[in-house]
Amino acid sequence: MKNKFQAFVIIVGLSIVFSSCYKETFVAAGTGLSDWSSASHSALAIPDYDVVFDQTKVNRVDLVIDARYWAILSSNINDIYGSGTSGGGRPAGGPGGGGGFSEETPIYVPCSWFFNGKEWYNVGIRYKGNSSLSSGYQSGNGKLPFRVKFDYYEDEFPEITGQTFYGFTDLSLSSNYDDPSFMREKVATDLFREFGVPAPQTAYYQLYIDYGEGPVYFGLYTFVEVVFDTMLEKQFGNNTGNCYKPDGNGAAWSTSNFSLADFEKKTNETNSDWSDIQAVYDALHAPSRTADTSLYKANLEAVFDVDLFLKYLAVNTTIQNWDTYGRMTHNYYLYNNPSTNLISWIPWDNNEAFQDGKMGGSLSFELDDVVEKDWPLIAYIANIPSYRAQYNAYIQDFINTTFEPNKMQTQYNGLKTIIQASVNKEVSGYTYLKGANDFDNAVTEIINHTSTRYTAADLYLN
């Protein structure tokens with residue numbers, strides 16, 4: 001707790017100094033910052049997907065975090081998940097420390113961000129994640145997931161007001177936890193988008209961090225676009241609707257646990273109106289479901305993009321992505337699209353895809369393992385014959401096009417070529433690989449998974 005207090009004193013102290021200066025003198029964004037440019041740093045920068053989410057290579061980012069702030073960052077995560085073993089400059093962690101997930105959000109500290117010879121200044125960085133953070137940390141692994149916000153400290157440092165990374169204000173840095181193929185997060189989001197389901201863009205990065213002892217290779221990361229930052233505008237053509245990140249029992253949409261408090265707003269936060277979510281819940285649980293199917297469908301389709309959800313469900317079930325709705329009450333966003341006035345489904349955090357899974361395992365194609373009272377959004381919709389027929393049609397289309405085995409093998413092998421050298425550079429203490437052949441074996445396994453799922457889908461449909 002001492003370091004948390006120190007962080008408070010340092011940041012608040014800076015805030016007082018710079019806030020008082022800001023009141024007296026206007027400081028233009030970029031003032032005194034030699035690498036600042038409109039295209040690469042400013043709030044007016046157009047998101048440059050070709051630079052930030054380059055699909056042809058592995059980029060490199062170097063972070064420099066003052067030793068004082070690294071100590072604060074480490075102390076904070078230790079307070080959340082408990083003490084244990086530690087190696088080198090890695091945050092303490094180990095068997096017996098902490099347990100389960102925490103509802104406490106880790107704190108931000110400032111860092112310098114370097115990319116392609118340019119510096120980004122006083123960027124906010126914190127740890128993020130559930131199992132990827134808690135399990136990785138408790139095992140003493142330093143390769144943990146991060147969240148960065150480029151304008152987080154703009155109040156303390158007005159010269160970085162509106163700072164972006166080529167038009168991106170936020171980024172999620174996935175550690176590829178428990179994924180020896182390093183491909184689950186990236187390929188799953190790519191497949192969703194390719195099949196017409198809105199999903200974030202991703203790219204590979206080598207991440208180096210200097211926390212006072214010189215640059216340390218933290219490993220190969222997958223950088224993920226943040227939904228409410230740039231993705232909405234890119235894929236929906238607007239970003240003014242309510243965007244929610246559901247999490248908790250209420251996110252199951254069941255009558256026993258539903259709570260609007262579990263639908264955290266990520267846009268329009270000051271507007272305390274959740275009537276769009278309530279409208280979906282009311283339509284989902286309307287008595288007409290068993291009395292008048294046509295009326296039920298019309299009312300549900302008036303508030304919820306059912307067709308998009310069926311498309312998502314077809315993809316998610318085929319690729320076997322268990323750590324989301326149907327097994328877990330998290331890892332999805334909702335967006336009330338002003339263009340349609342419908343709540344749209346957005347998948348998130350797909351690092352557990354392409355495997356049978358845990359917590360009851362991935363859903364079957366039949367969806368007969370979905371407990372109706374627990375997961376009504378799947379069960380109620382899938383039990384309507386016309387919706388079931390559309391779900392089946394999307395599965396057929398998906399395996400014949402986006403998920404066709406030969407196409408997928410080429411896609412996986414292409415990614416393997418791109419990331420092989422970066423994987424080989426990972427070192428003990430900053431990797432989830434357990435042996436020299438883990439990566440090669442995992443790529444073979446994920447390629448074989450496509451064929452297995454193609455056959456399973458064909459058997460289900462025919």
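Read-outs throughout are calculated quantities, based only on the coordinates presented, and are distinct from any laboratory measurement. Worth saying up front: this structure is predicted, and the values here are computed from it rather than measured. No Cβ is skipped: glycine too gets one built from the backbone with ideal geometry, and neighbour counts run over all protein chains shown.
Below is a table of values for the structure above.
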item	result
FRET efficiency, LEU260 to ALA436 (Cβ-Cβ, R0 60 Å, nearest 0.05)	0.75
Contact order relative to length of region 89-240, as percent, for alpha carbon pairs under 8 angstrom and 6 or more apart	17
Within straight-line cross-link reach of LYS416, aspartates and glutamates at Cα separation under 12 Å, skipping those fewer than 8 residues along the same chain	ASP440
Estimated FRET transfer efficiency when R0 is 22 angstrom, pair ASP35-LYS57 (beta carbons, to 0.05)	0.50
Radius of gyration, Dmax [the chain; alpha carbons; angstrom]	22.8, 74
Reciprocal of mean inverse Cα separation for region 111-159 (Kirkwood radius, Å)	12.4
Order of GLU159, GLU225 - criterion: other Cβ atoms within 10 Å of each residue's Cβ, fewest first	GLU159, GLU225
Radius of gyration, Dmax [region 395-459; alpha carbons; angstrom]	14.5, 43
Karplus (6.51, -1.76, 1.60) ³J(HN,Hα), θ = phi - 60°, over region 38-55, in Hz, Gly and Pro reported as x	4, 6, 9, 10, 7, 5, 8, 5, 7, x, 9, 5, 5, 7, 6, 10, 5, 8
R0 of 35 Å, Cβ-Cβ distance ARG68-GLU269: FRET efficiency to nearest 0.05	0.65
Net charge over other residues, Cβ less than 14 angstrom from the Cβ of GLU352 (K, R count +1; D, E count -1)	-2
Local electrostatic count, LYS128, Cβ distance below 15 Å [Lys/Arg +1, Asp/Glu -1]	-3
Scattering profile of region 149-190 at q = 0.33 Å⁻¹ [log10 I(q)/I(0), Debye over alpha-carbon scatterers]	-1.07
Acute angle (nearest 10 degrees) that the helix 306-319 long axis makes with the longest principal axis of the chain, alpha-carbon atoms	80
In Å, descending, principal axis extents of the Cα set of region 248-295	39, 20, 11
Over 27 Å between alpha carbons, listed pairs LYS128/LYS434; LYS245/LYS373; LYS373/LYS407; LYS57/LYS311	LYS373/LYS407; LYS57/LYS311
Ranked packing of 325-331, 113-119, 381-387, most packed first, by mean Cβ within 10 Å	325-331, 381-387, 113-119
Extension gain from SER139 to HIS285, taking 0.36 nm per residue of separation minus the Cα-Cα distance	48.3 nm
Cβ-based charge dipole, region 316-462, positive-most Cα from ASN392, SER362, ASN331	ASN331
Kirkwood Rh, angstrom, region 224-323 [1 / mean 1/r, Cα pairs]	15.4
Estimated dipole of the chain in Debye, rounded to 20 [Cβ of Lys and Arg +1, of Asp and Glu -1, Cα centre]	620
For region 309-462, alpha-carbon Rg over 2.2 N^0.38 Å	1.17
